[in-house]
Amino acid sequence: MNIRFDPLKILCLAAAVAAGLCAAARPASAADDTGVRGTAEEQPLDQWVAEQEGKSWAQLQKNISPAEPKTPGGPAPRRGIVVAALSKNDPDYYFHWVRDSSIVMLDVIKAFESRRPYAEPGKFQPMMRDFLELSRSLQRIPSEYGLGEPRYTVDGKADTIPWSRPQFDGPALRALAVMEYLKAAAPQRRAPALKVLKTDLDFIAAARNRRGFDIWEEYKADNYNTRLVQLAALEKGARWFGPRYQKACRELETLLDDHWDPARGFMRSQLAIAATDGYTSKKTDLDSAVIVTVMDADRDAEAHSVLDDRIQATVAVLETLFRGEYAVNNREDMGLGYGRYAGDSYYGGNPWYLITAYYAQFYYRLARRVEEGRPFRITKINAGFVRGLLPGEKPESLAPGTEVTRGHALYRPLLAALTGRGDGIMRRIRFHTPADGQLFEQFDKNTGQPVSSLGIGWAHAAFLGAAMERARLMAGAAGTESPAAKP
């Protein structure tokens, strides 16, 4: 019999797990008790998430086809441009990054497809038309790096400022966004998107062995993030162009497995460093870029997805790091704030809003995959991750070789723990989010106040992604069709 669990009971138990059972939580220190408190803490999380979704969507519209030029009297931004942030100075993010814009548009497309209440259907096709026309135009701009050019000016021209070039994850992320659009697009609307897609996929296949700079634009190396999104794009491209990219996929999957470090128990963010940007303080290959990329790639296969025990182990190692790295994490009534890596010094080296939202996505998606029937396998590799999730379970019930599926004794506790972790992280984001819902790049690791650039489009997209993952999980838990499954 197909038994569905009660989502209200799951949420209650999840809240207890996320809060550390409340009574056992140690008091927050003065250093970590400020936050922003833009919304009353007693507001139900469901209500806050729904409100912040609408606010993030509204704020994100300022980044898409913005009206303001880069400088007073300068050329007007081109339609379809997606600026990385509203900040034009210290830091200057008023550019169209292929990476950032593609991630933003991917979640915008999902919001329209999911019929989220804030996504007005009449605006979808004009927005996509602008983005596709711009993308086709940018693909034609000559560059010694081909489509490895990372960013463009707001009027759609080549950026001539010295920068970390080349970067090869952008075309793959754009391809993933375009394919998300194609899934629901009417046949008569597909031609422009297919042109953009084929150009990107052909370039990815040809450039897959070239070294470029990473997601943070600091290391020119063999980067996990680039390889994984390239693999995901080429795999999903088979739906549209057949098996022509199979050889490249096999090679990339083998190369990705090389990033696993069994001795240290985590997936390495980069191998074979060839150069740096000249500024970075980074001296580690343990990096949240791995988790961010797993979420963006969203593979159906177990390897290099949320179901991969190596990825789960990497999450556990990173959580141990950030628990000790940031004073704001010295409390147990909410989840952690997550940053990039140990020793980060960029604008203080703090937790990032967008990265924190990606970890919430991770827990919600893992719970959803299990709820949908995918097995959760306990192994020697992910044993620490599992013990952290289920500290009250007897060790023998968590033995390697255990496979948790519907009907197993651990099924409901596991789903409750995963949901609770996700909700705890959303409470963390709420704690540091201003009342207007605007998201910054980082929040201070000691005071909790927003720092660095405001209006980070990627941060709003990451929050929308987490909220939509949560909604799909809750819909599945209630035994209803997920809104995201509707065209």
(request) Extending each Cα 7 Å along its Cβ direction at Asn446 and Arg210, get the distance between those two points in nm, one decimal. (result) 4.4 nm
(request) Using Cα centres only, tell me the gap between region 242-312 and region 362-439 in whole Å. (result) 22 Å
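In debye, nearest 20: dipole of region 320-381 around its Cα centre with unit charges on the Cβ of K, R (+) and D, E (-)?
Numbers: 9 positive and 6 negative charges, 73 e Å.
In total the dipole reaches around 360 debye.
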(message) Between Val317 and Ala303, what is the label-point separation in nm under the 7 Å Cα-to-beta-carbon projection?
(response) 1.9 nm
(message) How much length would be gained if the chain were fully extended between Asp436 and Arg129, taking 0.36 nm per residue of separation minus their Cα-Cα distance, in nm to one decimal?
(response) 107.6 nm
(request) For region 255-410, just the Cα atoms, rotate onto the principal axes and tell me the three extents in Å, largest first. (result) 53, 40, 27
(request) Under 1.5 on a/c is rounded, so check that first for region 306-368, then, if it is not, pick prolate when a/b is larger than b/c and oblate when it is not; a ≥ b ≥ c are the square roots of the alpha carbon gyration tensor eigenvalues. (result) prolate
(request) Please give every one of the aspartates and glutamates within straight-line cross-link reach of Lys55, meaning a C-alpha to C-alpha distance under 18 Å, and leave out same-chain neighbours fewer than 8 residues apart. (result) Glu41, Asp46, Asp107, Glu120, Asp436, Glu441, Glu469
(request) Quick one: of Lys88/Lys220; Lys88/Lys157; Lys110/Lys445; Lys247/Lys283, which pairs are farther than 29 Å apart, Cα to Cα? (result) Lys110/Lys445; Lys247/Lys283
(request) Rounded to whole Hz and in sequence order, give me ³J(HN,Hα) for region 258-273 from the Karplus expression 6.51 cos²θ - 1.76 cosθ + 1.60, θ = phi - 60°, writing x for Gly and Pro. (result) 5, 7, 6, 10, x, 5, 9, x, 8, 7, 6, 6, 8, 10, 6, 5
(request) Compute the distance in nm between two label points, each set 7 Å from the Cα along the Cα-to-Cβ direction, one at Thr405 and one at Arg387. (result) 2.8 nm
(message) With every atom except the alpha carbons ignored, what do you get for Rg and Dmax of region 340-461, in angstroms?
(response) 17.3, 48
(request) Report the full-extension gain for the segment Ser137 to Arg239: residue separation times 0.36 nm, less the Cα-Cα distance, to one decimal in nm. (result) 34.2 nm
(message) Rounded to two decimal places and with Rh computed the Kirkwood way over Cα pairs, what is Rg over Rh for region 77-259?
(response) 0.96
(request) Could you quote the convex hull projected area for the chain, Cα atoms only and averaged over all directions, in nm²? (result) 22.2 nm²
(request) Please give the net charge around Asp169, taking every other residue with its beta carbon less than 10 angstrom from that of Asp169, where Lys and Arg add +1 and Asp and Glu add -1. (result) +1
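Read-outs throughout are calculated quantities, based only on the coordinates presented, and are distinct from any laboratory measurement. All values reported here derive from a predicted model rather than from experimental measurement. We place every Cβ from the backbone using ideal geometry, glycine too, and count neighbours over all the protein chains shown.
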